[in-house]
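The values are calculated or read from the model by the stated rules, or taken from the named source; none is laboratory data. Predicted model only: the values in this text are computed from it and were never measured. In this analysis, Cβ positions are derived from the backbone assuming ideal geometry, glycine residues included, and neighbour counts consider all displayed protein chains. Side chains included, ligands, DNA and RNA excluded: accessible areas come from the protein's heavy atoms. Shrake-Rupley method; radii C 1.70, N 1.55, O 1.52, S 1.80 Å.
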Amino acid sequence: MIDEVKGRLAGGPYEDAEVVPVSSRTGEGLDDLKAALGRAAKATKRQKASDSARLPIDRVFTIKGAGTVITGTLWSGTISIGDELEVLPSGRISRVRSIQIHGESVDRAEAGHRVALNLNALSTEEVRPGDFLAAPHTVTVTDRFDADFTYLGIPSSDKPLESGVRVHVSHGTREDHRANPSHRGRAGFQARRESYAQIRLDEELPVSWQDHFIVRSYSPVHVIGGGVVLRAHPKRSTTATPEKIALLDALRDGDGDRAAECAFNLEN
């Protein structure tokens, strides 16, 4: 089983990740899993506190006398009592009444914290699991994005993934989003290889640079890859000019100065 999992992860960003056997029936391996999670947590880097607040919502419920409460993990930035937040993709604005972290009331939460927020002027019909909360007017939803995409392949098949094929995309806490990946260069996606792709969505998502996403085959459903968002609002195109590739290279490498120069050259 371990070799099978490692085989599926080979060539991807998690090929060196620990694989820990665990039994949900007997509890065997749970201590090893907790130790592995501890090691992974120590190796993570906290997002900069100066980044704008972004939080994918995973639960929404009502508390009598308090109103609507959401829970989620704060991806970036900070949230304080009294802050205004925008619900995406709807664009509704709400204000934070109170904040809890692990059941304790606090005045402020930072990136990486698991939080519960009591929001005003919102019903549970106006904010749903899978939505995002963000600092107002800092994130614009999009129906496509350019990405650094790794196709892992379909189990028991090395057949390439055709450009434009129907897939499911998971981003944040949104589990099922229909999309079509279009290859930037060759005719199709080769198994266990990174490629630039433009992901075209049926519905708009609030993606941003360096967001991670997962791709599953349409039917039957298998996890077949994933990647990182490079451009959240690209022009719709099927060609990959040298200028576009240079920009994607710079964004993939995190070179802001070179990315700005490439973007300027692309528009002029």
Count of residues meeting criterion [open to solvent by 20 Å² or more (accessible area, probe 1.4 Å), among the small types (G, A, S) and either farther than 14 Å from L133 by Cα or not in a strand (DSSP E or B) (or both)] in segment 61-90: 5
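Quick check on this structure: which one of R193, R166 is out of contact with any Lys or Arg (no Cβ under 9 Å at 6 or more places or on another chain), in contact (Cβ under 8 Å) with a residue 24 or more places away in the chain and over 19 Å from R231 (Cα atoms)?
On inspection, the qualifying residue turns out to be R193.
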Look at D158 and say whether it is of a type in the set (D, E, K, R), in contact (Cβ under 8 Å) with a residue 40 or more places away in the chain and either over 25 Å from A232 (Cα atoms) or not in a loop (DSSP other than H, G, I, E, B) (or both). no
Within segment 196-205, is there a residue that is touching a residue at least 60 places away in the same chain (Cβ under 8 Å) and open to solvent by less than 10 Å² (accessible area, probe 1.4 Å)? yes
Identify the residue in segment 92-126 that is out of contact with any Ser or Thr (no Cβ under 8 Å at 6 or more places or on another chain) and among the hydrophobic types (A, V, I, L, M, F, W, C) and, among all such residues, is nearest to V141 (Cα to Cα). I93
Looking at I154, I214, I245 in this structure, which one is touching a Lys or Arg at 6+ places or on another chain (Cβ under 8 Å) and either modelled with pLDDT of 90 or more or surrounded by 14 or more Cβ atoms within 10 Å (Cβ to Cβ) (or both)? I245
Checking H113 against (1) under 17 Å from R54 (Cβ atoms); (2) more than 21 Å from the chain's Cα centre (by Cα); (3) of a type outside the set (S, T, N, Q), only one condition comes out false. Which one? (2)
Go through A240, A197 for me and flag whichever is within 20 Å of the chain's Cα centre (by Cα), outside any helix (DSSP H, G or I) and not aromatic (F, W, Y). A197
Inside segment 9-49, can you point out the residues that are open to solvent by 50 Å² or more (accessible area, probe 1.4 Å), modelled with pLDDT of 90 or more and assigned to a loop (DSSP other than H, G, I, E, B)? P21, V22, R25, T26, E28
Residue under question is T124, and the condition is that it be closer than 20 Å to E175 by Cα, open to solvent by 50 Å² or more (accessible area, probe 1.4 Å) and β-branched (V, I, T); does it hold? no
Can you name the number of the only condition in (1) open to solvent by 40 Å² or more (accessible area, probe 1.4 Å); (2) hydrophobic (A, V, I, L, M, F, W, C); (3) in contact with a strand residue (DSSP E or B) (Cβ under 7 Å, 6 or more places away or on another chain) that A260 fails? (3)
Return the residues of segment 91-113 that are small (G, A, S) and either in a strand (DSSP E or B) or open to solvent by 60 Å² or more (accessible area, probe 1.4 Å) (or both); say none if nothing qualifies. S94, S98, S105, A109
With respect to S208, is the statement that it is surrounded by 15 or more Cβ atoms within 10 Å (Cβ to Cβ), hydroxyl-bearing (S, T, Y) and part of a loop (DSSP other than H, G, I, E, B) true? yes
